[in-house]
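All remarks here apply to the structure that follows.
The values are calculated or read from the model by the stated rules, or taken from the named source; none is laboratory data. Since this is a predicted model, take the numbers as computed values, not measurements. Reconstructed Cβ throughout: ideal geometry from the backbone, glycine too, with neighbour counts over all protein chains shown.
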Amino acid sequence: MAPISTAADLGALRQIEPIFLDGAAFIDDEVLPIAEARIPILDWGFLRSDCTYDVVHVWKGRFFRLPQHLDRFEQSCRALRLQNPYSREQVVDILMRLVRLTGLREAYVEVICTRGTPSKGSRDPRLCQNRFYAFVLPFIWIAPEEVRARGLHLHVSDIPRTPPQSVDPKVKNFQWGDLTRGLFEALDLGCDTPVLVDLDGSLSEGPGFNLFVVREGVVTTPEGTCLGGITRQTALDLLKEANVRTVIGPVSPEELRGADEAFITSTAGGILPVTRVDHVPLGDGEPGPLTTRLRDRYWAWHEDPSETTAVEYA
């Protein structure tokens, strides 16, 4: 199937039936099936991980907190001196179109801005033409259904997360070498996923998620070497709504192991309970009551028009 050029009005195809059922991508001003999506091999986003990205999800036909995700994406671009060739309005139109062409009501949606390819013979990043990509897939969960139900089994890795002096954790990036090492380590030990530490030995984050620890009615989430996740902020908003005391600060591995309950937050799954740490049950070994309440309230917010943006399906 030939790609559809975006040289035409982006709204011109709004009445087309879904045609990219497995997913769709936007590359080089074209929309095409996800299986045909390719990027130039010389793009520094590929060669050097010189890029930023963001992920938002669609649930029941509505984007959840899309403006917040685009705010962070734009902030990350500015921090890396990247210039997205498309305006926010154009990005929203592109994402709407991609979701519409898949027909998906629950979708994983990613936007990426890369350094692009350099001028011939140049190593000057200022001379690169920055590029924008986007794609839509059926919703991706950070953990399978049975794990979400019984709770994650977490491994505390002693692999240090890349320090903020080297890579700004507030800028979403593909620097996952440390996280991937930790993931292999956790899986080899029979756990579901790891949480890494910072250079001081305090807990950081895991592959694609933030961590929250509940002890004696107080909820603490790490800072410093962590991305300020949109779902993390949603959990903080829910905790404030519930009048639960919350602290953003250091959390030691010992505090996690002695917690009453714990949970992680991710766009790819929302709020998920942690029930074991290094094979030792956390609390009573079941999803905690606060975690369960927050999880239910999180999904209820997906019905709130003030928190969501309806997809313009045909």
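Looking at P273, P287 in this structure, which one is in contact with a helix residue (DSSP H, G or I) (Cβ under 9 Å, 6 or more places away or on another chain), in a loop (DSSP other than H, G, I, E, B) and more than 24 Å from T102 (Cβ to Cβ)? Steps first, please.
Details: P273 fails: in a loop (DSSP other than H, G, I, E, B).
None of the others qualify; the one that does is P287.
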Of all residues in segment 256-270 being assigned to a strand (DSSP E or B) and either among the β-branched types (V, I, T) or more than 17 Å from the chain's Cα centre (by Cα) (or both), the one that is farthest from A143 (Cα to Cα): E261
Residues located in segment 128-179, provided they are closer than 21 Å to V274 by Cα and among the β-branched types (V, I, T): I140, I142, V147, V156, I159
Neighbours by Cβ (under 9 Å, 6+ apart or cross-chain): first from segment 172-190, within 23 Å of I230 (Cα to Cα); second assigned to a helix (DSSP H, G or I) and at pLDDT 95 or above: K172/R72; K172/F73; K172/S76; N173/S76; F174/G45; W176/L183
Unmet requirement for V111, which otherwise passes all of (1) assigned to a helix (DSSP H, G or I); (2) without any contact (Cβ under 8 Å) to a residue 60 or more places away in the chain; (3) touching a Phe, Trp or Tyr at 6+ places or on another chain (Cβ under 8 Å): (1)
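Restrict the check to segment 42-63 and report whether at least one residue is more than 30 Å from G121 (Cα to Cα), polar (S, T, N, Q), in contact (Cβ under 8 Å) with a residue 24 or more places away in the chain and outside any loop (DSSP other than H, G, I, E, B).
Within segment 42-63, not a single residue is more than 30 Å from G121 (Cα to Cα), polar (S, T, N, Q), in contact (Cβ under 8 Å) with a residue 24 or more places away in the chain and outside any loop (DSSP other than H, G, I, E, B).
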Selection from segment 290-314 of residues that are closer than 22 Å to V99 by Cα and surrounded by 13 or more Cβ atoms within 10 Å (Cβ to Cβ): W299, W301, H302, E307, T308, T309, V311, E312, Y313
Identity of the residue in segment 64-73, within 15 Å of G270 (Cα to Cα) and outside any strand (DSSP E or B), that ends up nearest to the chain's Cα centre (by Cα): H69
Members of segment 29-41 found to be surrounded by fewer than 17 Cβ atoms within 10 Å (Cβ to Cβ), more than 22 Å from the chain's Cα centre (by Cα) and either outside the structural domain of I94 (by TED's automatic domain parsing) or touching a residue at least 12 places away in the same chain (Cβ under 8 Å) (or both), listed by number: D29, E30, E36, P40
